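Okay, so here's the structure we're looking at.
The values are calculated or read from the model by the stated rules, or taken from the named source; none is laboratory data. No experiment lies behind these values; they were computed from the predicted model shown. Don't worry about glycine lacking a Cβ; one is built from the backbone with ideal geometry, like all the others, and counts go over all protein chains shown.
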Amino acid sequence: MKRLFALLALVGAVSLGAPVWAQDKVAEPAAVTAEVAAPAAVEAPAAVEAAPAEAAPVAAPVPNKGDNAWIMVCAAFVILMSIPGLALFYGGLVRSKNMLSVLMQVFVVFCLISVLWVVYGYSLAFTEGNAFFGTLDKLFLSGVTIESVGATFSKGVVISELIFVIFQGAFAAITCGLIVGAFAERAKFSAILVFMVIWFTLAYIPMAHMVWYWAGPDAYTSAEAGAAAGATAGFLFQHGALDFAGGTVVHINAAIAGLVGAYMIGKRIGYGREAMAPHSLTFTMIGASLLWFGWFGFNAGSALEASGGSALAMVNTWVATAAAALSWMFAEWIFKGKPSMLGAASGAVAGLVAITPAAGFVGVMGAIVLGLLAGIICLWGVNGLKKLLGADDSLDVFGVHGIGGILGALLVAVFADPALGGTGVYDYVANAVAPYDMGAQFIAQAKGVATVIVWSGVVSLVGYKLVDIIIGLRVPEEEEREGLDLTSHGETAYHH
């Protein structure tokens, strides 16, 4: 334990003291903050003699209570996705002797990342720094008050910054929680926590900054102002990559970390020789349903307004998921002879993953096509591709989140085309939808996918190796055979 605490202290010191890298700046969505002006004084009765007319000052935008309320609800929805949604989905898929350990891992990782987000994560992700990291100006949410606001995607429309903080913090927490499914049933609890601190700091935060940090629409008043604002944004935003709610930042990012972990930690004892069937598909179905419910907040909330764009994202999340569940189930039915509950639930999650980067950019028919493709391709991902890779990805994190995320991120370029019912890309200088170039957009999407694969892969490899050297990644063989519920936590999920 002394080594664990020493490593935690070292990681914390490195995280808080990380230098801000100097580099040509690039841009993507982030919350631009300002201070709301004090409420205007109630107008006094007209004086006998009117004062000379003066130009009225431009009032600072004030959050709409409806937008604020909607994003608060969406943040709660995203939290529901982690606890209990993801925890139950994963928990049902493992053997009964490891059920409680998975619940514990997801629950505690959620708590850990929530605290780190407030301490330094939000500041490094959503302040103006360089193309990869923000600054520590908002360490411990310094300067974030009940009056500070963040930009949305409409000029003159803002939300309270504290709401943006919790909304994005919930994204960070579930992303880290997704990773644990790849090495379930064999990893040390202490090793998981230390790795999450490293990976959150050096992989999640920079990806969020690269993809989602920008100066906000109000900065784009002219071509010159737009160019200057663009130079302050994140790396992939500047390259034009579209990611509405986290195909790169969340799903591919977590999936690569999970796959590297599955390789580094090794296969479960008896993998391929002993039965390792899910112990409760009932819990898995409940978890998948909670994920679907919470995902409406995940995707529709990413519009940052209660708007038509939010409604589009919500409808797309609904139909793409349904289409993917059906395509996975029917494909399985054809090739394996029976439709399974596990297949339908897995298909639903695959659809949710694939529509995430595209939710606010594609039309409803594009979302259905994307869902149908996701169900079939992710079914291959957890069967044929998994065998080719040779990793024991326990709960198919890469097959579903990695393959689904890559599919969705790339096909945004196709289905965002207004000619195919998409929204296109908005030009905030011209205040109109820009002419659409599918080929150029596909290249931008491919850059985003390649960047997250390399970045997360390198950070994960170094992070796992460091943790393995200091405290070890894997529990002893006898503890793994007995089950992590008792050996790691001294409790059991069930009492017979």
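For Ser327, which of the numbered conditions (1) under 28 Å from Asp67 (Cα atoms); (2) touching a residue at least 24 places away in the same chain (Cβ under 8 Å); (3) assigned to a helix (DSSP H, G or I) fails to hold? All conditions pass for Ser327, except number (1).
When residues in region 401-410 are screened for being more than 15 Å from the chain's Cα centre (by Cα) and closer than 12 Å to Ala241 by Cα, 1 of them pass. Inside region 116-131, residues that are surrounded by fewer than 24 Cβ atoms within 10 Å (Cβ to Cβ) and more than 15 Å from Trp199 (Cα to Cα) make up a count of 6. One residue alone among Tyr494, Tyr428 is surrounded by fewer than 20 Cβ atoms within 10 Å (Cβ to Cβ), farther than 18 Å from Phe189 by Cβ and of a type in the set (Ser, Thr, Tyr), and that residue is Tyr494.
Taken as a whole, region 421-439 holds at least one residue that is over 30 Å from Ala262 (Cβ atoms), modelled with pLDDT of 95 or more and part of a helix (DSSP H, G or I). Suppose we filter Gly404, Gly421 for residues that are surrounded by fewer than 17 Cβ atoms within 10 Å (Cβ to Cβ), under 20 Å from Gly351 (Cα atoms) and of a type in the set (Gly, Ala, Ser); which single one remains? So the residue among Gly404, Gly421 that is surrounded by fewer than 17 Cβ atoms within 10 Å (Cβ to Cβ), under 20 Å from Gly351 (Cα atoms) and of a type in the set (Gly, Ala, Ser) is Gly421. The C-beta contact set for region 91-108 (first residue under 15 Å from Gly177 (Cα atoms), second residue of a type in the set (Lys, Arg) and buried (at least 22 other Cβ atoms within 10 Å of the Cβ), distance under 8 angstrom, 6+ apart or interchain) is empty. Residues considered: Ala76, Ala125. Of these, the only one that is within 22 Å of Trp292 (Cα to Cα) and in contact (Cβ under 8 Å) with a residue 24 or more places away in the chain is Ala76.
Just give me the residues in region 265-297 being of a type outside the set (Gly, Ala, Ser) and either assigned to a loop (DSSP other than H, G, I, E, B) or touching a strand residue (DSSP E or B) at 6+ places or on another chain (Cβ under 9 Å) (or both), in sequence order. So that I can check it myself, show each step before the final result.
Keep residues of region 265-297 that are of a type outside the set (Gly, Ala, Ser), which gives 265, 267-269, 271, 273-274, 276, 278-279, 281-286, 290-293, 295-296.
Once the filter is applied, which keeps residues that are of a type outside the set (Gly, Ala, Ser) and either assigned to a loop (DSSP other than H, G, I, E, B) or touching a strand residue (DSSP E or B) at 6+ places or on another chain (Cβ under 9 Å) (or both), region 265-297 yields Ile265, Lys267, Arg268, Ile269, Tyr271, Arg273, Glu274, Met276, Pro278, His279.
State all residues of region 459-491 that are among the β-branched types (Val, Ile, Thr), surrounded by 14 or more Cβ atoms within 10 Å (Cβ to Cβ) and over 19 Å from the mean Cα position of the chain (by Cα); if no residue qualifies, say none. Within region 459-491, Val462, Val467, Ile470, Ile471, Val475, Thr487 meet the criteria.
Residues that are within 20 Å of Met210 (Cα to Cα) and touching a Pro at 6+ places or on another chain (Cβ under 9 Å) were ranked within region 132-149; the one that is surrounded by the fewest Cβ atoms within 10 Å (Cβ to Cβ) is Phe132.
All conditions but one from (1) buried (at least 22 other Cβ atoms within 10 Å of the Cβ); (2) of a type outside the set (Asp, Glu); (3) within 22 Å of the chain's Cα centre (by Cα) apply to Tyr220; the one that does not is (3). Would you confirm, using the coordinates I've provided, whether Leu379 is in a helix (DSSP H, G or I), touching a helix residue (DSSP H, G or I) at 6+ places or on another chain (Cβ under 6 Å) and at pLDDT 95 or above? Spelling it out, Leu379 is indeed in a helix (DSSP H, G or I), touching a helix residue (DSSP H, G or I) at 6+ places or on another chain (Cβ under 6 Å) and at pLDDT 95 or above.
Of all residue pairs spaced 6 or more apart or on separate chains, those with beta-carbon atoms under 7 Å, a first member in region 337-350 that is touching a residue at least 24 places away in the same chain (Cβ under 8 Å) and a second member that is surrounded by fewer than 24 Cβ atoms within 10 Å (Cβ to Cβ) and among the aromatic types (Phe, Trp, Tyr) are Ala348/Trp292. Candidates in region 299-335 are the residues that are within 21 Å of Asn383 (Cβ to Cβ) and not hydrophobic (A, V, I, L, M, F, W, C); of these, the one that is surrounded by the most Cβ atoms within 10 Å (Cβ to Cβ) is Thr321.
The set of residues in region 367-390 being small (Gly, Ala, Ser) and either surrounded by 24 or more Cβ atoms within 10 Å (Cβ to Cβ) or on the phi > 0 side of the Ramachandran plot (or both) consists of Ala367, Gly371, Ala374, Gly375, Gly381, Gly390.
Okay, residues lined up against (1) among the hydroxyl-bearing types (Ser, Thr, Tyr); (2) over 30 Å from Leu395 (Cα atoms); (3) touching a Cys at 6+ places or on another chain (Cβ under 6 Å); (4) in a loop (DSSP other than H, G, I, E, B):
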{"site": "Gly143", "(1), (2), (3), (4)": "no, yes, no, yes"}
{"site": "Ile146", "(1), (2), (3), (4)": "no, yes, no, yes"}
{"site": "Ser154", "(1), (2), (3), (4)": "yes, yes, no, yes"}
{"site": "Ile159", "(1), (2), (3), (4)": "no, yes, no, no"}
{"site": "Gln168", "(1), (2), (3), (4)": "no, no, no, no"}
{"site": "Val180", "(1), (2), (3), (4)": "no, no, no, no"}
{"site": "Met210", "(1), (2), (3), (4)": "no, no, no, no"}
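Across region 255-284, the qualifying residues are those that are of a type in the set (A, V, I, L, M) and more than 19 Å from Ala187 (Cβ to Cβ), and the one among them that is modelled with the lowest pLDDT is Ala275.
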